[in-house]
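Engineer: Below is a structure I'd like to ask you about.
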Amino acid sequence: MNGTPRGAVFVFGLGLPAVDTFLQQVINGLTAGSVYAVVALGYTMVYGIIQLINFAHGEVVMIGAMVAFTVINALAPSGLPPLAVVLIGAGCAVPVCMLIGYAMERLAYRPLRHAPRLAPLITAIGVSIILQHLALLIWSRNVLAFPQIIPSRTYMIGGAAITSVQLAILAICFALMAGLAALVYRTRLGTAMRATAQNPQVAGLMGIDIDRVIAATFLIGAALGAVAGVLFGTYYGLAQYTMGSILGLKAFSAAVLGGIGNIPGAMLGGVLLGIVEALGAGYIGDLTNLCSYDMLAARIDDCAGGGNFVLFGSNYQDVFAFIVLILVLVFRPSGLLGERVGERA
Amino acid sequence: MLLEVRNLAVHYGGIHAVAGVDLDVADGELVCLIGANGAGKTSTLKAICGLVTTKNGVIRYDGEDISHAPVHELPRKGLVMVPEGRGIFAQLTVEENLAMGAYAQGGGDAAAQYGRFPRLAERRRQIAGTLSGGEQQMLALARALMAKPKLLLLDEPSMGLAPMMVAKIFELVRDIAAQGVTIFLVEQNARLALEISQRGYVMESGAIALTGRSAELLDNPRVREAYLGE
């Protein structure tokens, strides 16, 4: 997504001395990163339990955004309070996405549980294409603008601005992460999920119905993805049937950064990736402005009289996620918190 | 009979791992199945608890045909297996491992197991993978007991343990049996298995070669030569 987040203040360090670029980009990055983290959880939980990279997860997030768009658009003129409208939108997106998550596991992945690993992986790509084109048929190829129904207030902290939308996204994402951690580490179902991830055969011998545990994993991941989709749509103010691919790839990169299969890793990876990306976007314009290098400035006509010649602008933002992915794969394939190297991938 | 196996066959591709095995375990008995590596002991056990699909035969437990029952339904019926190599959840704590043992019952009483295995009580919050081999075997036993089994299947509990620890584990197995749990023990250590059991089966190349009272098998010249190293 190359849209400018609504309510987020984008600053390129030029001519706005009152704003602290660094802090501002950290706030922006933290917001986007917390959404990446919630999406990354869906990748990492499924990988942890059946060693499948569910490439269709990004499309689940996209469908969450689309369903919410339709509902919010339909209810916006109804006069209901804006917050209620958004909540109803999310309330519709979550069950739809859970149904899709359950259906893909049941119909596409479960029959391939004992197949060679490449088969489910290719199937995941197939599921992703199917979902994307279903969305294309339903919602058209246009970029859909989320109605701006929630008024955004801006607060200043230490020379940077944070909006009420950003605050809400941060609060919701961190609450979801805390809730998921509690589920996985404190409940019977969560312990059964971890047991199944470690040794499905023995988990079965303990009376754990591993089919149900795996289905539950997909349902939880899809529900998280749905909320992330709604937040993402609300934040950037738009949705399109292709948005799942880039968002999915970034969240997948975040999961790999944290150590795929590792739940705290996905959270850490998501937040870090968001911050790296925002800082990259915030500074790449300055750093590649050839006029700021005296030796070059003298030779470039555009620089005369304080002009600029920027090689890469903040529209190169998406590049950073993949630079991070490549660096992790080269230097620390097991990720920041992962122990198991992806030898089975 | 608590467990009846009739004409059991297990094939892996073209390999006949188990070919026509008959077994019986009566309520309250401790029965062992001994044999060399690759004789089909573990395959027999895996077939009983549904981990491998059987080619042929009938498995009846407590009067019910369980030949095609899903693995996860058996612990609820009181049929619990301790797998070969212990199969503990290495990244879960001791406490969580025990909780998983009682999963079928919806949560059990760990206190009784901590009483029986004081070593585990000391290490209840420790990650199970950090326990010694013997402690892990105790954990595997304790976890199985959490399900309140009627019939306990043990696959090679002595595997990879120091002789002292093997003696300790066998003592525990004998205690568990004395408390009324029926045990079917698969073991390569034939002498120990025959010493603590009432009856035994000797398996060779996928079939039962000999069966009888354990005391008699211990005196059988063929068993002494092939399995007791005399």
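Each value in this text was obtained by applying a stated rule to the coordinates, not by laboratory testing. No experiment lies behind these values; they were computed from the predicted model shown. Positions of Cβ are generated from backbone atoms using ideal geometry, with glycine treated the same way; all protein chains shown enter the neighbour counts.
Engineer: How about segment A:23-71: which of its residues are closer than 13 Å to A:GLY221 by Cβ, assigned to a helix (DSSP H, G or I) and among the polar types (S, T, N, Q)?
Structural biologist: A:THR44, the sole residue that qualifies.
Engineer: Name the residue that is surrounded by the most Cβ atoms within 10 Å (Cβ to Cβ), counting only residues in segment A:189-209 that are more than 7 Å from chain B (Cβ to nearest Cβ) and more than 17 Å from B:GLY129 (Cα to Cα).
Structural biologist: Per the stated criteria, the residue is A:MET193.
Engineer: Considering A:ALA175, A:ALA119, which residue is under 25 Å from A:PHE252 (Cα atoms) and surrounded by 13 or more Cβ atoms within 10 Å (Cβ to Cβ)?
Structural biologist: A:ALA119
Engineer: Could you list, in sequence order, the residues of segment B:155-189 that are farther than 15 Å from B:GLU135 by Cβ and basic (Lys, Arg)?
Structural biologist: B:ARG174
Engineer: Is at least one residue of segment A:199-212 out of contact with any Ser or Thr (no Cβ under 9 Å at 6 or more places or on another chain), closer than 22 Å to A:GLY269 by Cβ and assigned to a helix (DSSP H, G or I)?
Structural biologist: No.
Engineer: Determine, yes or no, whether A:ALA215 is within 14 Å of chain B (Cβ to nearest Cβ), assigned to a helix (DSSP H, G or I) and over 16 Å from A:GLY42 (Cβ atoms).
Structural biologist: Against the criterion (within 14 Å of chain B (Cβ to nearest Cβ), assigned to a helix (DSSP H, G or I) and over 16 Å from A:GLY42 (Cβ atoms)), A:ALA215 does not qualify.
Engineer: How many residues are under 19 Å from B:LEU79 (Cα atoms) and without any contact (Cβ under 8 Å) to a residue 40 or more places away in the chain when one looks only at segment B:130-150?
Structural biologist: 1
Engineer: Buried (at least 21 other Cβ atoms within 10 Å of the Cβ) and of a type in the set (Gly, Ala, Ser), is that true of A:GLY258?
Structural biologist: yes
Engineer: Out of the residues in segment B:173-230 that are in contact (Cβ under 8 Å) with a residue 12 or more places away in the chain and among the basic types (Lys, Arg), state the one that is surrounded by the fewest Cβ atoms within 10 Å (Cβ to Cβ).
Structural biologist: Only one residue tops the list, namely B:ARG222.
Engineer: Then there is this: Would you check if A:ARG141 is of a type outside the set (A, V, I, L, M), out of contact with any Lys or Arg (no Cβ under 9 Å at 6 or more places or on another chain), assigned to a helix (DSSP H, G or I) and exposed (fewer than 15 other Cβ atoms within 10 Å of the Cβ)?
Structural biologist: No; evaluated as a whole, the condition is false for this residue.
Engineer: Looking at segment A:215-222, can you tell me whether even one residue there is crowded, with 21+ Cβ neighbours inside 10 Å, within 23 Å of the chain's Cα centre (by Cα) and over 26 Å from B:VAL71 (Cβ atoms)?
Structural biologist: Scanning segment A:215-222 turns up at least one residue that is crowded, with 21+ Cβ neighbours inside 10 Å, within 23 Å of the chain's Cα centre (by Cα) and over 26 Å from B:VAL71 (Cβ atoms).
Engineer: Among the numbered criteria (1) of a type outside the set (Lys, Arg); (2) crowded, with 19+ Cβ neighbours inside 10 Å; (3) in contact with a Gly (Cβ under 6 Å, 6 or more places away or on another chain), which one does A:ILE263 miss?
Structural biologist: Result: A:ILE263 passes all but (3).
Engineer: Among the residues of segment B:60-98, count how many are facing chain A (nearest Cβ under 8 Å), surrounded by 23 or more Cβ atoms within 10 Å (Cβ to Cβ) and either in contact with a strand residue (DSSP E or B) (Cβ under 6 Å, 6 or more places away or on another chain) or in a strand (DSSP E or B) (or both).
Structural biologist: 2
Engineer: Specify the residue that is farthest from A:ALA203 (Cα to Cα); the eligible residues are those in segment B:99-123 that are of a type in the set (Gly, Ala, Ser), touching a helix residue (DSSP H, G or I) at 6+ places or on another chain (Cβ under 6 Å) and more than 9 Å from every other protein chain (Cβ to nearest Cβ).
Structural biologist: Of everything passing the filter in segment B:99-123, B:ALA121 is farthest from A:ALA203 (Cα to Cα).
Engineer: Just to be sure, is B:MET138 within 9 Å of chain A (Cβ to nearest Cβ) and either surrounded by 18 or more Cβ atoms within 10 Å (Cβ to Cβ) or charged (D, E, K, R) (or both)?
Structural biologist: no
Engineer: Next up: Taking the criterion of being surrounded by 22 or more Cβ atoms within 10 Å (Cβ to Cβ) and not in a helix (DSSP H, G or I), would at least one residue in segment A:268-286 satisfy it?
Structural biologist: No.
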